[in-house]
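Asks: Mind looking over this structure? Questions follow.
The values are calculated or read from the model by the stated rules, or taken from the named source; none is laboratory data. Note that the structure is a prediction, hence the values are computed from the model and not measured. Counting neighbours? That spans all protein chains shown, and the Cβs are built from the backbone with ideal geometry, glycine included. Only protein heavy atoms, including side chains, enter the accessible area calculation; ligands, DNA and RNA are left aside. Shrake-Rupley method; radii C 1.70, N 1.55, O 1.52, S 1.80 Å.
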Amino acid sequence: MSIFIGVDVGGTFTDLYAVDTSTRRVYTYKRPSTPSDPSAAILSGVHELLERYSLPLSAVAHFAHGTTVATNTLLQRNGAVVALITTRGFRDLLEIGRQTRPENYDMHLDFPPPVVSRPRRFEVEERMAADGTIVNVLTDDAIDQVIKSVARSGAQAVAVCLLFGYLNPEHEQRIGEAIRQRLPDMHLSLSSEVQPEFREYERFSTTSLNAYLQPRLADYLHNLESAVRRYFPKVEVAISQSSGGLMSVRQAHQFPVRTALSGPAAGVVGALGVARAAERPNVITFDMGGTSADVAMIRDFQSGESYERRIGGLPMRLPMIDINTVGAGGGSVAWFDRDGLLKVGPRSAGADPGPACYGRRGVEATVTDANLVLRRLSEGGLLGGTMGLDRELAVLAVGKIASTLGCSLERAALGIVEIVVSNMVRAIRAVSVERGHDPRECSLLAFGGAGPLHARDIAVSLRMPEIIVPPTPGILCAAGLLSSELCEGFVITARLPVSTDARQSMVGALAELAKRGDKWFERERVPAQSRRCRVTLDLRYVGQNFELPITLRAVAGKLLPEIPSADALCRLFWAAHERSYGHFSADDPIELVNIRLSASQSADPLPVPRIPEGSGASPIPTGHREVWFDASGPVRVPLFDRSVLQSGQHIAGPAIVDQMDSTTLLFPGDALTVHASGNLLIRISS
């Protein structure tokens, strides 16, 4: 027996998904998070899962983890004291930034201050030219002086960001080596290692954020890995990246900024497996948990990729799955703004104190309280009844909202749900309609503990015809960790015209990336038969501000693709430009900006719980209760236990399907079918 475990830590719950690799049997578990010490819920959850299913400790061999520590650190601004070393004259680049505003129509809103205060930004006399040649040589005396300044500053971490350091890292490497020798306890981030590509401001910001996170993540990862190895000596620990892949703990120590969106990214990886099993190539993922909702677009079984994101208002440029996040979860608090209008979120009650119905001193009405008032959630509680919900406390909390609005209790609860749904609809429009994709051509893949409860309202708003609910919707992010690939990204900025003359330079740059990839494969001991590579070219029209990624396909049997001819590259770019912007020009010149190589170790498909084959007969309900779907009054609906559903069975709405990790709500007129893959397919009534 060999057990692989995926653990995703959310703001409200910690989710565990385990697989016996010999039998492919799946084990799931969910428990409340411990925000003050996330590792406590992780270790307790693993022990509770093993005990529940009578699994031996010695069988645990692999541990994949998605963490919110980096995200929370950035949002709460409680990272390390950071110093910055940069080229003379560029001390204030972090504050100058770009000539944009956070919000176009808010003249008073400013960008948040950088994580490195101005007194801790130090300049050195050196300079690289735009082609990477040395203009001013960095002297040993200059290095000595700047290290003394850093030592006196009281910094815990230092970021080294020199002008054009991505083209020629020699000066950054010399400073880094001197810091390692003279300040061995100092955490160090070199921009030529963290984000070695074009655009100085984003490179400086990303490297500074990496340094800002290093001490906090180092302590967390060290404590977690030590505890895991103490109980499971054979275990291999892997950490989820924002790109959807996994990395070793060693890499996570060096590049903690890559974990900023690790949990949501793993959810999209899990959703890709679900979409393939359900044979639905075009889906919009909708992951609603206790604190936030994350949405992403999947087209032709491919998730979108983004290279720039702001977290807490701070720019970060790294490869990541294109996810849009909104502060809308089960714990989102209902409140009144100064204009007297009811708002929901982004503030969340989290796991402690949590919604009022948790009975943990929470007194503010939340989305979960509203659903309990409407009886969409069972008073029997969450997590299979092991976590009780107090409807009276929910009534008291929502009653305060109703009193202020001057309406009935149920109407206030419906209003809370309607507002949170509108917030999530806007998030989905941002990844679909605003980018030229029609949501009516997609299925809505709902997961997270609260996703299946709210999916129908969202699907109707966007006129989406179908909802897909995975076998374990509340634990899909943890499941995605077990089908994520160990991966590493490499990039070379090579600004070249797309022409026949420049093709040889592109071939040379790809060869250099291939060498770096081979070294990574060897270092991580990836077997030759499991090695995978993906090559992406960032192309744009000359003078354009943003690039479009063009992924090249390798010939079957080959690890790397060939660089296409100039004419072929132009055609690929024109198609991508028309797809993204609705037009293209065949006359304007095109240039290459970056060449990227993603090296990975192939992973097995997502294992799912087995379900029995059925005769097609409707299942027998376990009970009934009165549920509010709208303001017209309650409707008596049958209740079904998902654990006994069989493939091929049908349920006509209204109905509720309960399971340990989530609740699926069917409105009157909707039709549910249990797919052979274990997914619930819900057709929306017109």
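Asks: Could you tell me whether the range 27-40 includes any residue that is open to solvent by less than 10 Å² (accessible area, probe 1.4 Å), at pLDDT 85 or above and over 30 Å from Met128 (Cα atoms)?
Replies: We begin by selecting, within the range 27-40, every residue open to solvent by less than 10 Å² (accessible area, probe 1.4 Å); these are none.
No, the conditions are met nowhere in the range 27-40.
Asks: Take Gln601 and decide whether it is at pLDDT below 95, open to solvent by 40 Å² or more (accessible area, probe 1.4 Å), closer than 18 Å to Thr493 by Cα and not small (Gly, Ala, Ser). Steps first, please.
Replies: Details: at pLDDT below 95: yes; open to solvent by 40 Å² or more (accessible area, probe 1.4 Å): yes; closer than 18 Å to Thr493 by Cα: no; not small (Gly, Ala, Ser): yes.
Here the answer is no, as Gln601 does not meet what is asked.
Asks: Where in the range 391-504 are there helices (runs of 4 or more DSSP H), lying wholly inside it, with at least 3 residues that are surrounded by fewer than 24 Cβ atoms within 10 Å (Cβ to Cβ) and not acidic (Asp, Glu)?
Replies: Working: elements: 391-405, 409-431, 451-461, 476-482.
Here the list reads 391-405, 409-431.
Asks: Related question: Going through Val274, Val283 one at a time, which residue ends up being open to solvent by less than 50 Å² (accessible area, probe 1.4 Å) and closer than 16 Å to Val431 by Cα? Write out each step before concluding.
Replies: Details: Val274 fails: closer than 16 Å to Val431 by Cα.
Sole residue among the options that is open to solvent by less than 50 Å² (accessible area, probe 1.4 Å) and closer than 16 Å to Val431 by Cα: Val283.
Asks: Filter the range 354-389 for residues that are over 29 Å from the mean Cα position of the chain (by Cα), among the aliphatic types (A, V, I, L, M) and open to solvent by 20 Å² or more (accessible area, probe 1.4 Å) and give the result.
Replies: Passing the criteria: only Val363.
Asks: Which of the residues belonging to the range 303-343 are open to solvent by less than 20 Å² (accessible area, probe 1.4 Å), of a type outside the set (Val, Ile, Thr) and in a strand (DSSP E or B)?
Replies: Leu314, Pro315, Met316, Met320, Ser332, Ala334
Asks: Could you please find all residues in the range 249-271 being buried (at least 22 other Cβ atoms within 10 Å of the Cβ), of a type in the set (A, V, I, L, M, F, W, C) and assigned to a helix (DSSP H, G or I)?
Replies: Hits for the range 249-271 are Ala252, Val257, Ala265, Ala266, Val268, Val269, Ala271.
Asks: Are any residues in the range 82-130 in a strand (DSSP E or B), open to solvent by less than 20 Å² (accessible area, probe 1.4 Å) and either closer than 16 Å to Gly312 by Cβ or hydrophobic (A, V, I, L, M, F, W, C) (or both), and if so, which ones?
Replies: To start, the set of residues in the range 82-130 that are in a strand (DSSP E or B) comprises 82-87, 121-124, 127-128.
Right, trim to open to solvent by less than 20 Å² (accessible area, probe 1.4 Å) and you get 82-87, 121, 124, 128.
Within the range 82-130, Val82, Ala83, Leu84, Ile85, Val124, Met128 meet the criteria.
Asks: Note down all Cβ pairs under 8 Å where the first residue falls in the range 667-686 and is under 14 Å from Ala459 (Cα atoms), the second is open to solvent by less than 30 Å² (accessible area, probe 1.4 Å) and acidic (Asp, Glu), and they're at least six residues apart or on different chains.
Replies: Correct list of pairs: Leu681/Glu466; Ile682/Glu466; Ile682/Asp670; Arg683/Glu466; Arg683/Asp670; Ile684/Glu466; Ile684/Asp670; Ser685/Asp670.
Asks: Could you grab me the full set of residues in the range 653-686 that are of a type outside the set (Lys, Arg), assigned to a strand (DSSP E or B) and surrounded by fewer than 19 Cβ atoms within 10 Å (Cβ to Cβ)? Break it down into steps so the answer makes sense when it comes.
Replies: Step one: of the range 653-686, the residues of a type outside the set (Lys, Arg) are 653-682, 684-686.
Subset that is assigned to a strand (DSSP E or B): 655-659, 662-666, 671-674, 680-682.
Passing the criteria: Ala671, Thr673, Leu681.
Asks: Next question, about the same structure. Give the range 204-237 a look and list any residue that's in contact with a helix residue (DSSP H, G or I) (Cβ under 8 Å, 6 or more places away or on another chain), surrounded by 24 or more Cβ atoms within 10 Å (Cβ to Cβ) and in contact (Cβ under 8 Å) with a residue 60 or more places away in the chain, or say none.
Replies: Within the range 204-237, Phe204, Ser205, Thr206, Ser208, Leu209, Tyr212, Leu213, Gln214, Leu217 meet the criteria.
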